[in-house]
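Every number in this text was worked out from the coordinates using simple rules, so none of it is lab data. What you are looking at is a predicted structure, and each value in this text was computed from that prediction instead of being measured. When we count neighbours, we look across all protein chains shown, and the Cβ atoms used for this are built from the backbone with ideal geometry, even at glycine.
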Amino acid sequence: MHIELRNVSHEFTLEAGSLPVLKDLSFSVPKGRFTAIVGPSGCGKSTITRLVSGLLKSKKGEVLISKEVVKSPRSTVGMAFQNPVLLEWRNILDNVILPLEIVSKNISRETKIKRARELLKLVGLAEFEKSKPSELSGGMRQRASLCRSLVHKPEVLILDEPFGALDAFTREDLWQTMLTLKKQESFTCILITHDLREAIFLADEVLVLSGRPASLQFQLDVKLGDDRKLDDLYTNETTKSLAILRKQIEIAQKSMI
Ligand SMILES: Nc1ncnc2c1ncn2[C@@H]1O[C@H](COP(=O)(O)OP(=O)(O)OP(=O)(O)O)[C@@H](O)[C@H]1O
Ligand SMILES: [Mg+2]
């Protein structure tokens, strides 16, 4: 297993006492697979991303990447969030290159540029490499942010609601871009989302978390294969899966304390 959580529990210490957020959470993501995590707002999804990325240490249980316990942030992880923070004083190409400047200091600038251009081309931004972030639309900025999270060829990609702020059509466009990236690049992915269709369209498996403190409530295998199309979201089978997930979310919301 590439990413593994073993009986992870976590609580935050607040002035008023402690807030249990995760309780005995166990799941794993095999190498090269894509797992989506859904659950009620505030149940602990972003906390999971911080634990996997090493930004936070679990109070109980273990988080492993490639069989090694995660103790601190590592360069083999890439991340993208809902609001891409791109640096306005750098053009898009230089924003995408940034992680390479930090983790791959020994590579020549030409090699860095070549790698960044490869990704920008893949997501349809080749002509915008000299643009400033503010000259791009929200969807384009998110595309650039995805390139930046993948430029150093991370083994693990963590996406926390990366398409949440986009309109429905742009979001569907980005889903297809994500599928292209999934085919071309090799990474193991955890996607946090509130959009059940997005979870089914992108993932090999969808995990539903219970209310806080979150544990694993339900697992759904997605059998759409590698060549999925948006039309696959409207088949009887997908409609059934969506109904099952919606029901599970309802149960999870009721279990939130
Ligand atoms: N650093 C922190 N200190 C104290 N409490 C925190 C901290 N980070 C998160 N929390 C609390 O932990 C709980 C889970 O937060 P988290 O951000 O993981 O939820 P989430 O599932 O990502 O929510 P959403 O779907 O709204 O993004 C929330 O109640 C939040 O207030
Ligand atoms: Mg969150």
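Loop-located trypsin sites (Lys or Arg not before Pro) in region 40-106 (DSSP state not H, G, I, E or B) with no more than 10 neighbouring Cβ atoms inside 10 Å: K67, K71, K105. The slack between E250 and S134, meaning 0.36 nm per residue of separation minus the straight C-alpha distance, is 37.9 nm. Report, to the nearest 10°, how far helix 109-122 tilts away from the longest principal axis of the Cα atoms in the chain, using its own Cα long axis and a range of 0 to 90°. The answer is roughly 60 degrees.
Each of E11 and H194 was given a label point 7 Å from its Cα along the Cα-to-Cβ line. The distance between the two points is 2.8 nm.
Going by the alpha-carbon gyration tensor, a ≥ b ≥ c the square roots of its eigenvalues, is region 83-153 rounded (a/c under 1.5) or, if a/c is not under 1.5, prolate (a/b greater than b/c) versus oblate? Verdict is prolate for region 83-153. For K183, a cut-off of 28 angstrom between C-alpha atoms picks up these lysines, skipping any fewer than 8 places away in its own chain: K31, K45, K67, K105, K112, K114, K121, K130, K153, K223, K229, K240.
A cut-off of 5 Å between modelled amide H atoms, ignoring neighbours fewer than 5 places along the same chain, links R74 with no other residue. Among the GluC sites (Glu not before Pro) in region 62-139, those placed in a DSSP loop whose Cβ has at most 15 other Cβ atoms within 10 Å are E88.
Treat the chain as a sphere of radius equal to its Kirkwood radius over Cα pairs and apply Stokes-Einstein at 25 °C in a medium of 0.890 mPa s; give the translational diffusion coefficient in µm²/s, rounded to a whole number. List each step's numbers first, then the result.
Values: Rh = 18.9 Å.
This corresponds to a translational diffusion coefficient of 130 µm²/s.
In order along region 189-204, the phi-based Karplus estimate (6.51 cos²θ - 1.76 cosθ + 1.60, θ = phi - 60°) of 3J(HN,Hα) comes to 10, 10, 10, 9, 8, 9, 9, 5, 5, 4, 4, 5, 5, 9, 9, 8 Hz; Gly and Pro are listed as x.
Of all lysines in the structure, those lying under 17 Å Cα to Cα from K71, and not within fewer than 8 positions of it along the same chain, are K57, K59, K60.
Between F218 and V208, the built amide H atoms are under 5 Å apart, and every one of these is 5 or more places off in sequence or on another chain. Ranking S137, F169, L5 by Cα position along the charge dipole of the chain, where only Lys, Arg, Asp and Glu carry charges on their C-beta atoms, puts L5 farthest toward the positive end.
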